[in-house]
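The structure under discussion appears below in the form of structure tokens.
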Amino acid sequence: MFEYVWLIPLFPLIGVVINGLFGKSIKNEKIIGGIGSLMVFGSFLVACSILFRLLSLPSEERLYELNVFTWIQSGTFKADIGFLIDPLSALMIMVVTGVGFLIHLYSIGYMHGEEGFYRYFTYLNLFTFSMLLLVLGNNLLLMFVGWEGVGLCSYLLIGYYFHKKSAGDAGKKAFVMNRVGDFGFLLGVFTLFWFLGQNYNIWTINFVELSKASHLLPVGGIVTIITLCFFLGATGKSAQIPLYTWLPDAMEGPTPVSALIHAATMVTAGVYMIGRMNFIFIKAPETMLVIACIGAATAIFAATIGTAQNDIKRVLAYSTVSQLGFMFLAMGVGAFAAGVFHLMTHAFFKACLFLGSGSVIHSMHHALHHAHSHDDPQDMRHMGGLKSKMPITFITFLVSTIAIAGIPGFSGFFSKDEILWQAFANPYHGSLNYVLWGIGAVAAGFTAFYMFRLVFMTFFGECRITPKAKDHLHESPFVITLPLMVLGFLAVVGGYVGIPKVIGEVFGGIPNLFEHYLEPVFRISEEFAKEHVQVTAHHSAALEWGLMGTSVLIAVVGISIAYALYIVSPSIPAKFTAAFPGLHRAVYNKWYIDELYDLLFVNPCKALGRFLWKGFDVVIVDGIVNGVAKVTMGFSGVLRHVQSGFVHNYALTMALGMVVIVGFYLFR
Amino acid sequence: MLALNNYLIISAILFSIGTIGVLVRRNAIVIFMCVEMMLNAVNLTFIAFSKYLGNIDGQIFVFFVMTVAAAEAAVGLALMIAFFKNRESIDVEDINVMKW
Amino acid sequence: MLESLFFLIVAAVAVISSILVITCKNPINSALSLVMTFFCLATFYVMLDAPFMAAIQVIVYAGAIMVLIVFVIMLLNIRTETGRKTTHAILAGSIIGLFVLFQTCYFLTKGTLTGTKGAMDTALVEKVGHVELIGKALYTDFLLPFEITSLLLLVAIIGAVILSKRKI
């Protein structure tokens, strides 16, 4: 079965070709959307069969490489077009194709009647192709191709409504910020390749060979630099501090795009990349510390901004940034499996949340359109009381919100709690662990608060929309609600594959299946950690239960505050903002980070650009070019007189040339 | 039997006079005649060598040169007529469209 | 001795008439001088044991090509050259022409005749006949070029017709 792995990226590529070349003339939305969705579904089926085949093998043999052909061969440098199947990539292709298929399906309903429908599906399929290349590629360069491809598709899809200036700007912002990260990624690849080759004569960028050579790498030193470069790439792609500001702006794209690219798959590429390269990252404790700190900081920072946003999608965007911060926190504390676990559950519930918000926006848009109102359909201040109008959307949305808030029994609880526990109990960062845990727990509390604020403002209370529009509010069509139901179901049960050990023991020794499944991928890191890291303290199960209870308590407190503020007495938030106007304004304006970046980077760049344009380009570059042209013109003005236009003169010159040539041969 | 060089020198003289004619005269027909003269000078060389080397091939070449000359005469004179129709002149100094 | 004298006279006539070709103001005079030159060349051909070539020299050049040229001159009613004097052009052209002459003569004094001597000589030409010799060579060794020549002439005819037509 494994030898058919090349089919997985091929299917979406076929979709790209068909829709890209002929989509405009097909016109029929059902056919275009059907082709796009079916291609991804085909990939999903192949991915399923590969996963089952993988599960049927013993865990040591769960590794397969398929080299399709040699792509670049130059001296000692060799890059293949090849695919790597191991538990990690098998999991990722399941997430990408599964969630991707549901979102394709959803898009058929959501994008109905949009201009450029075929363009949308072409981009979406191209994205799926690139993402699959990213996760399946067996070497760093092929991964980078996918890495760039998803960036490109992200740019194209954010700027999908390109006639809106804000959408075009947001696309550019995402692209440029990703460039910064990609620069780091490439530097990392170069340095790693050069370092291994120079010192150990191992010239490779293949993951399997790298993992075999990883025991040669020293701890710290240049490995820290390499991993920091890679991590810079991850911050760009996965929207971490300092390169996170593009993600909230990326909400300018269509909502299913936000669900697929900016929540479920692309932004998790950084996490995946660190998971894939875990055997190198584990050798750089300083980098691990940086990752953990940045992850925790991003988690709390984005969560605070999320509490004051009114745009439904922006709240979810900051929530995504915050949740990605949790994943990086997990990576930074060496809990790779926990991070990937959270990646998976987050893909389920966040995709469901985004699609749910899309359903709400879709409905709001139609209602406002019918009422000839120009209110923003994404603004939560115009919503309220939607639960009776849109029951399916409401239930799935609520379920996912509970999952993200970390209430026991739902998927988010298992993954988030595992991360928090590992942040507390990991052996790498000493006493800093308590700080990391504290920040994570508070961020989780904030998450519960703003997510329930979102739910209460949108679905509960009085309907704040104009009465005329209210009558037009209705549940979305089946093609939209079906993905919501599937994802909502997964958001509930998705966590049960990775039940934490302490809970499992209570229920008769259920093992943590997920961790066990990913164990071969992270074995090298585990062994390294066992050998080199001193386990400072042994933590008891009681402590873990206690921490778990604390984090659940914090989440419940967050929900209660939201309930108190937005259901019981909705006047309090206004009073609160009146009491602390400065604080509210700062949070509402995202701590002025965009303005700070404008001041620090964008405006100096613009000034430099203007100087280079007016000063350097116009005077020096154009001067040189024009100077050359002027000198040429001067000479030709003189030489022009040779071209008299008289046949006689040409004949004379020809004869003279003949005489000279014959003379040269006669008298030399 | 006369020395070969006698014929060759006569040929050279005729060729040079033809060249001068081409370069000096402005009447296209006279230039054309000068070209014919140059071709004939070369023909003389061919036949002289043919005789002194005892090989008939040179004369065959003369035959071909004459054919080319005939073809050239036909086309060249047609060109002149066409040119004359346009410009009412066959002075080569009137062929100056190439000058901008 | 007699041969040399004859040669000198013919050569002198050839050179003088050729100079007349390039100096006459009236193109008709030039054309007639050129016919004279061609006759002199035909004489040379006879002296060089090539009577057939002499015959076609007279027939093709003097008889056909020159008639054509004279026709064109008359058709276009071309008078003497008019317009500005171009002394510097005459000077430059003459100098270059003299250079050509000088170089050729220099080459003749330096060069030597090489190559193998063939079977053809006066006796053979008289015995077999010049026309037969030419014919044999032309229709055996040079058959293909000979045939291609006919193509060239065809092209020239078509070209001439097209160029001189008033409207195509």
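The values are calculated or read from the model by the stated rules, or taken from the named source; none is laboratory data. Given the structure is predicted, the values throughout are model-derived calculations rather than measurements. Glycine gets a Cβ as well: all are built from the backbone with ideal geometry, and neighbour counts include every protein chain shown.
Looking only at residues in segment C:120-140 that are farther than 18 Å from B:Ala48 by Cβ and at the interface with chain B (Cβ under 9 Å from one of its Cβ atoms), the one that is surrounded by the fewest Cβ atoms within 10 Å (Cβ to Cβ) is C:Lys136.
So that you can scan it fast, the table gives a plain yes or no per residue for (1) in contact with a His (Cβ under 9 Å, 6 or more places away or on another chain); (2) surrounded by 24 or more Cβ atoms within 10 Å (Cβ to Cβ):
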{"residue": "A:Ser357", "(1), (2)": "no, yes"}
{"residue": "A:His366", "(1), (2)": "yes, no"}
{"residue": "A:Gly384", "(1), (2)": "no, no"}
{"residue": "A:Lys387", "(1), (2)": "no, no"}
{"residue": "A:Thr401", "(1), (2)": "no, yes"}
{"residue": "A:Pro408", "(1), (2)": "no, no"}
{"residue": "A:Gly412", "(1), (2)": "yes, yes"}
{"residue": "A:Ala423", "(1), (2)": "yes, yes"}
{"residue": "A:Gly440", "(1), (2)": "no, yes"}
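Conditions (1) under 26 Å from C:Ile59 (Cβ atoms); (2) at the interface with another protein chain (Cβ under 7 Å from one of its Cβ atoms); (3) touching a residue at least 12 places away in the same chain (Cβ under 8 Å); (4) among the polar types (S, T, N, Q), marked per residue:
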| position | (1), (2), (3), (4) |
| --- | --- |
| B:Ala3 | no, no, no, no |
| B:Arg25 | no, yes, no, no |
| B:Ala28 | yes, no, yes, no |
| B:Met37 | yes, yes, yes, no |
| B:Thr67 | yes, yes, no, yes |
| B:Phe84 | no, yes, no, no |
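Please enumerate the residues belonging to segment A:266-310 that are part of a loop (DSSP other than H, G, I, E, B) and either in contact with a Gly (Cβ under 6 Å, 6 or more places away or on another chain) or of a type outside the set (S, T, N, Q) (or both). Hits for segment A:266-310 are A:Met277, A:Ile282, A:Lys283, A:Ala284, A:Ala308.
Kindly indicate the residue of segment B:5-23 that is among the polar types (S, T, N, Q) and facing chain C (nearest Cβ under 7 Å) and also nearest to B:Asp94 (Cα to Cα) among those meeting that condition. For segment B:5-23, the residue satisfying everything is B:Thr19. In summary, helices (runs of 4 or more DSSP H) completely within segment A:196-265 and bearing 1 or more residues that are among the hydroxyl-bearing types (Ser, Thr, Tyr) occur at A:207-213, A:222-237, A:255-259.
Here is the figure for segment B:42-86: residues that are of a type outside the set (A, V, I, L, M, F, W, C) and not in a helix (DSSP H, G or I) total 2.
Taking each residue of segment C:43-60 that is assigned by TED's automatic domain parsing to the domain that holds C:Leu8 and looking for partners that are charged (D, E, K, R) and in a helix (DSSP H, G or I) with beta-carbon atoms closer than 6 Å, six or more apart or interchain, yields C:Leu48/B:Lys51; C:Asp49/B:Lys51.
Quick grid of which residues meet (1) touching a helix residue (DSSP H, G or I) at 6+ places or on another chain (Cβ under 6 Å); (2) small (Gly, Ala, Ser):
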| position | (1), (2) |
| --- | --- |
| A:Val521 | yes, no |
| A:Phe528 | no, no |
| A:Glu544 | yes, no |
| A:Met548 | yes, no |
| A:Val556 | no, no |
| A:Tyr563 | no, no |
| A:Ser569 | no, yes |
| A:Phe576 | no, no |
| A:Leu599 | no, no |
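For beta carbons closer than 6 Å, sequence separation of 6+ or different chains, a first residue in segment B:51-63 that is farther than 17 Å from B:Tyr7 by Cα and more than 7 Å from chain C (Cβ to nearest Cβ) and a second that is assigned to a helix (DSSP H, G or I) and at pLDDT 90 or above, the qualifying pairs are B:Phe61/B:Phe46.
Out of segment B:40-68, which residues are of a type in the set (Gly, Ala, Ser) and either crowded, with 19+ Cβ neighbours inside 10 Å or in contact with a strand residue (DSSP E or B) (Cβ under 6 Å, 6 or more places away or on another chain) (or both)? Steps first, please.
Our first condition is that a residue be of a type in the set (Gly, Ala, Ser); within segment B:40-68, this holds for B:41, B:48, B:50, B:54, B:58.
If the condition is that a residue be of a type in the set (Gly, Ala, Ser) and either crowded, with 19+ Cβ neighbours inside 10 Å or in contact with a strand residue (DSSP E or B) (Cβ under 6 Å, 6 or more places away or on another chain) (or both), then B:Ala41, B:Ala48, B:Ser50, B:Gly58 are the ones that fit.
Considering (1) facing chain B (nearest Cβ under 7 Å); (2) under 13 Å from the mean Cα position of the chain (by Cα); (3) farther than 14 Å from B:Glu36 by Cα; (4) not acidic (Asp, Glu), the lone condition that C:Thr43 does not fulfil carries the number (1). Could you please let me know if C:Phe71 is more than 8 Å from chain B (Cβ to nearest Cβ), assigned to a helix (DSSP H, G or I) and under 25 Å from B:Glu88 (Cβ atoms)? It is true that C:Phe71 is more than 8 Å from chain B (Cβ to nearest Cβ), assigned to a helix (DSSP H, G or I) and under 25 Å from B:Glu88 (Cβ atoms). Could you check segment A:629-668 and list, in sequence order, the residues that are small (Gly, Ala, Ser) and in contact with a helix residue (DSSP H, G or I) (Cβ under 8 Å, 6 or more places away or on another chain)? Listed by number, the residues that qualify are A:Ala651, A:Ala655, A:Gly663. In the condition set (1) over 14 Å from the mean Cα position of the chain (by Cα); (2) within 25 Å of A:His648 (Cβ to Cβ); (3) of a type in the set (A, V, I, L, M), B:Leu77 is compliant with all but (1). Among residues of segment C:101-119 being within 7 Å of chain B (Cβ to nearest Cβ) and either assigned to a loop (DSSP other than H, G, I, E, B) or β-branched (Val, Ile, Thr) (or both), the one that is surrounded by the most Cβ atoms within 10 Å (Cβ to Cβ) is C:Thr104. The condition of being at the interface with chain B (Cβ under 10 Å from one of its Cβ atoms), within 14 Å of the chain's Cα centre (by Cα), assigned to a helix (DSSP H, G or I) and farther than 22 Å from B:Thr67 by Cα does not hold for C:Ala54.
Taking the numbered list (1) assigned to a helix (DSSP H, G or I); (2) surrounded by fewer than 24 Cβ atoms within 10 Å (Cβ to Cβ) in turn, A:His346 passes all entries but (2).
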